[in-house]
Amino acid sequence: MTKQLDLADAVRRHVQPGDRVHLVVGHSRWSAAAYELVRQSWGSDPGFTLVMLSLSSLGALFFRGGLVRKVVTAYSGDSFPTYTPNPIYQDAYQSGRVEVEHWSILTFQQRLEAAARGLPAMVTGSLAGSSMATNADFMEVETPAGRVGLVTPLQPDVAIMHGVVADRDGNVALSPPSLEGVWGALAAKRGAIVTVEKVVDDISFVADRVLVPGHRVLAVVEAPFGAHPGGLFARGLPDEGYGEDVEFWVSVRNATRGDFDAWAREWVLDVGGHDGYLRALGHDRLAWLRGRTDPESWRPDEAAHPADRDAPITSWETAAASGVRLLRARIDAAGAHAVLAGAGVANLAAWVGVTGARAEGNQVVLTAELGMWNYSPTPADPYIFNHRSFPTAGALSDASHVLGLMIGGHGTRVIGCLGAAQVDRFGNINSTDIPGRSFLVGSGGANDVASRAAECLVVTQARPHRMPADVGYITGPGERVRTVVTDLGVFRKHDGELWLAAVPASDGPVDERVKAAVAAVGWDLEVERDVAELAPVTMPEVLALRRYDPERLFLAD
């Protein structure tokens, strides 16, 4: 008996009101079945619990359509054009209309894995010392080996995911990098609804890529471009794949600041299903996205957006360039095998720092929580999970491999280069919530890196609201944060607290620059006896950053 159904039928048969629905993110971020679930449930108050690692902007459909009562996630914010809080999530969480449960990327995945394996808990090295440690499904216990953290199982009722190819029995082949992997599909009580680019009669020729067996699949649906606006990396599988539609993601983000209901009607509710959605996108746009799989497709982007050689150096560029210098020094001093790049400006600093270190003969590599190891970023694209970087990687896996093994694992030293909405005097990082004021975005992998890396360097701006005495929410504990690099100076740990160690070079007296840095933090800042003067940031240093972010999406003030 075939499990192949049409999209509407698959969703109608297998999703029930009150379900705990897991939308698998992977490297594709989205699924045609997620759109279909929104179409069928909009305004009906089905009372879903949405289990989704990263909501990005499209998750707002579930909020605006009144589909969810609770969200279990690691990131609730926009990803394009920059990583920003989303007003729909902020309003829903702060008003209490939607309950939210925050996790890190690794612990989110570990909870699904525990459920899939039929285990009562999984051991984790994350969350301890953070505000997420108060979650009811996390605990610390004393064992003969010492104190360990445990997370309990997270079992969805049904999972929704997009793969590359499947057979009619529901055996699904996927391509890494796979972020949280397929644990949710394996853990789901009833099973998974899977959309794929194509359904074949025999899948044995790619048996090594079959990660979800047919008995765990409720329905399989052929839906070409079913991950749009996410992309699909399909190397080694019978599909050419396609790149992410960043312009479309940006349009979703913008719509959440305006008439989002009108946007939802145009692109989801009134298109008449997946075929209508593809017609609305148009053949030319889809063909262009196919071309985005070419690793050299960044070259026209660079030609269209050359780095501005005349624009004044911004405060973010000053911070990032100083971060590059210190990161390269720490790579050598710590004997680092890898650097994990956090989002935004810290990501750019990590890219330039590792590129420079390798040019001088160091073997350090870049890694990212999506499941990339030893990858090379492409110019003219500042996003960590740029699909054009996937073919450059020495290894592609998942978050468990990167965050749970390579970072903090035996024999591997990884430096975390992180951004932070806030960082306090102890190096504690907050990217989740400013109590009483605003919801931010959540942990992503920040907690896992801050908890497990050999050491962390934070790149941010020195401002009182960014550097308070104590953060109101600890996303990542500060114990492993060694240095904070800003536009106004470098702060270094002494006995667990940040002190001012260096200030930028300038024509004015050093004392004035020290005073400016002291005034930019929210505590009585200690100053090292001999404050160093940093060499002036040069335009070649800045252009190295702008080459990756020529539109200065992250580098502009």
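Cβ under 9 Å from V72's Cβ, V72 left aside: what net charge do those residues give with Lys, Arg +1 and Asp, Glu -1? Walk me through the numbers on the way to the answer.
On the way: positive: R20, K70, R111; negative: E101.
Cβ neighbours under 9 Å give a net charge of +2.
Leaving out same-chain residues fewer than 8 places away, which lysines sit with a Cα under 30 Å from that of K493? Reachable lysines: K515.
The residue among G26, Y75, P213 whose Cα reaches farthest toward the positive pole of the charge dipole of the chain, with charges on the beta-carbon of Lys, Arg, Asp and Glu, is P213. The ellipsoid that matches the Cα gyration tensor of the chain has semi-axes, each √(5λ) in whole angstrom, of 39, 26, 23, with the longest given first. Applying 1/(1 + (r/R0)^6) with R0 = 25 Å to the Cβ-Cβ distance of R97 and D137 gives a FRET efficiency near 0.65. Work out the FRET efficiency for S44 and S438 from their Cβ-Cβ distance, taking R0 = 41 Å, and round it to the nearest 0.05. The computed FRET efficiency comes out at 0.85.
Positive contributions from Lys and Arg (+1) and negative ones from Asp and Glu (-1), summed over other residues with Cβ under 12 Å from the Cβ of D398, come out at -3.
In this simple spin-label model, placing a label point 7 Å from the Cα along the Cα-to-Cβ direction at both E533 and A395 gives a separation of 4.6 nm. For the range 378-481, the relative contact order is 31 percent, taking Cα pairs closer than 8 Å that sit 6 or more residues apart in sequence and dividing their mean separation by the residue count. Model label points for M1 and D261, set 7 angstrom from Cα along the Cα-to-Cβ axis, are 4.2 nm apart.
Each peptide in 349-355, 64-70 receives the mean, over its residues, of other Cβ atoms within 10 Å, and ordering these scores from highest gives 349-355, 64-70. For the chain, the relative contact order works out to 15 percent when only alpha carbon pairs closer than 8 Å and six or more residues apart are counted. The packing ranking of peptides 160-172, 229-241, highest mean first, is 160-172, 229-241, where packing means the average number of other beta carbon atoms within 10 angstrom of each residue. Centroid-to-centroid, using Cα positions, the range 364-434 and the range 8-69 are 28 Å apart.
State the three equivalent ellipsoid semi-axes of the range 380-453, derived from the C-alpha gyration tensor as the square roots of 5 times its eigenvalues, in descending order and whole Å. Walk me through the intermediate numbers first.
Numbers: eigenvalues 136, 63, 22 Å².
Semi-axis lengths for the range 380-453 are 26, 18, 11 Å.
With +1 on each Lys and Arg Cβ and -1 on each Asp and Glu Cβ, how big is the dipole of the chain about its Cα centre, in debye rounded to the nearest 20? Could the numbers behind the result be given before it?
Numbers: 50 positive and 66 negative charges, 147 e Å.
With Lys and Arg at +1 and Asp and Glu at -1, about 700 debye.
Roughly what % of DSSP beta bridges within the range 397-543 run antiparallel, to the nearest 5? All intermediate terms of the calculation are to be shown ahead of the outcome.
Numbers: 13 of 27 bridges.
Close to 50 percent.
In a shell of Cβ-Cβ distance under 14 Å around R257, excluding R257 itself, what net charge do Lys and Arg (+1) and Asp and Glu (-1) give? Summing Lys and Arg as +1 and Asp and Glu as -1 gives -2. Counting only DSSP H runs of at least 4 residues, each contributing -39500 (n - 2.57), and dividing by the residue count of the chain, the helix-based mean residue ellipticity at 222 nm comes to -8000 deg cm²/dmol.
Full extension of the segment from D310 to D511, taken as 0.36 nm per residue of separation minus the current Cα-Cα distance, would add 69.3 nm.
Of all DSSP bridge pairs formed entirely within the chain, close to 40 percent run antiparallel.
If R0 is 25 Å, what FRET efficiency do you get for V123 and R190 from their C-beta distance, rounded to 0.05? If you can, show how the numbers build up before the last one.
On the way: r = 28 Å, r/R0 = 1.12.
Computed FRET efficiency for V123 and R190 comes out at 0.35.
Relative to the longest principal axis of the Cα atoms of the chain, the long axis of helix 315-334 lies at roughly 90 degrees.
Return the lysines within reach of K70: Cα separation strictly under 29 angstrom, same-chain partners fewer than 8 residues apart disregarded; answer none if there are no such residues. The qualifying lysines are K189. The lysines whose alpha-carbon is closer than 16 Å to the alpha-carbon of K198, local same-chain residues fewer than 8 away aside, are K3. Ranking A520, C456, L498 by Cα position along the charge dipole of the range 441-547, where only Lys, Arg, Asp and Glu carry charges on their C-beta atoms, puts C456 farthest toward the positive end. Against the chain, whose longest principal axis is taken from its Cα atoms, helix 539-548 shows a tilt of about 10°. Note on A556 and N254: their simple-model spin labels are 1.3 nm apart, each label 7 Å out from Cα toward Cβ.
Taken together, the values in this text are just the output of simple stated rules run on the coordinates, not laboratory data. Keep in mind that this is a model prediction, so the values were computed, not measured. Cβ atoms come from the backbone with ideal geometry, glycine included; neighbour counts cover every protein chain shown.
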